[in-house]
1. Under 5 Å between amide hydrogens, which residues at least 5 positions from TYR26 or on another chain qualify, with H placed 1.01 Å from N in the peptide plane?
2. Which net charge results when you count Lys and Arg as +1 and Asp and Glu as -1 among the other residues whose beta-carbon is under 14 Å from that of ILE70?
3. I want the local charge near GLN231. Using Cβ-Cβ distances under 15 Å, sum +1 for each Lys or Arg and -1 for each Asp or Glu among the other residues.
4. Summing Lys, Arg as +1 and Asp, Glu as -1, what charge do residues with Cβ under 12 Å from the Cβ of PRO146 carry, PRO146 excluded?
Amino acid sequence: MNEMNVLLMSAGTLGVIHTLLGPDHYLPFIVLSKARKWTRTRTLWITFISGVGHVGGSVILGLIGIAMGISLSKLEAIEANRGNVVGWMLIGFGILYSAYGIYKYFKRGAHIHFPAFLRPKSIRHKDLHLADRDLKKEKDAGSLTPWILFLIFVFGPCEVLIPMLVYPAAQHSGIGIFLVALVFGIATVGTMLLVVFLGYQGFSFIKLKGKEYRIHLFAGLVILLAGIGMQFMGF
């Protein structure tokens, strides 16, 4: 077995492991799919796009760093800083969504003034105070939630990927860089999709009839804990 085959096997294995060990890679999609009443197809599509952005961000950073001759230690430091940014982004989003969940818990459908992207469709369209024009604006704003997740994941680092890109770059192997990034990406995104699919299916067995207002607080707290785990516990 040559060195490239070993590197590709390592890329695939590390892609799976780093995804499974990072709850932030899948928990936000699972809980928000339930809170926002996303379909399975929509949930998996949002997960896929976010996963591609997650891997792509690190690949682009690695290629730019290699092209500019930036040392591996500096690239790893940049990735660590990106991790700090994403941790705080998750914490901020979790706090905001938890605040909405607390409000929803106590008001249980009362008229609210939270940003539209934090409101579930059932609340936005039942609000009799909104004109049709306002409903259209809120519907457009409600589409921000997937973009927030995408933005967070684009900033999210893949610390284990960049060191693996350095070896084929040192060998001046463009195809090697491509294959390493491809295998790692497939392993990472594939694992994200599998875990989110299983989580989505599992949640479908939980009946919340009459208690849907609780899921928003739960979703916010899960996202907040994911951010705390990433920022302070190294998940």
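Computed from the coordinates by the stated procedures, all read-outs in this text should not be read as laboratory data. Keep in mind it's a predicted model, so treat the numbers as computed, not measured. Methodologically, a virtual Cβ is constructed for each residue, glycine included, from the backbone with ideal geometry; neighbour enumeration extends over all protein chains shown.
1. HN-HN under 5 Å from TYR26: empty list.
2. Summing Lys and Arg as +1 and Asp and Glu as -1 gives -1.
3. Numbers: positive: ARG82; negative: ASP24, GLU79, GLU159.
For residues surrounding GLN231, the net value is -2.
4. Details: positive: ARG36, ARG42; negative: none.
With Lys, Arg at +1 and Asp, Glu at -1, the neighbours total +2.
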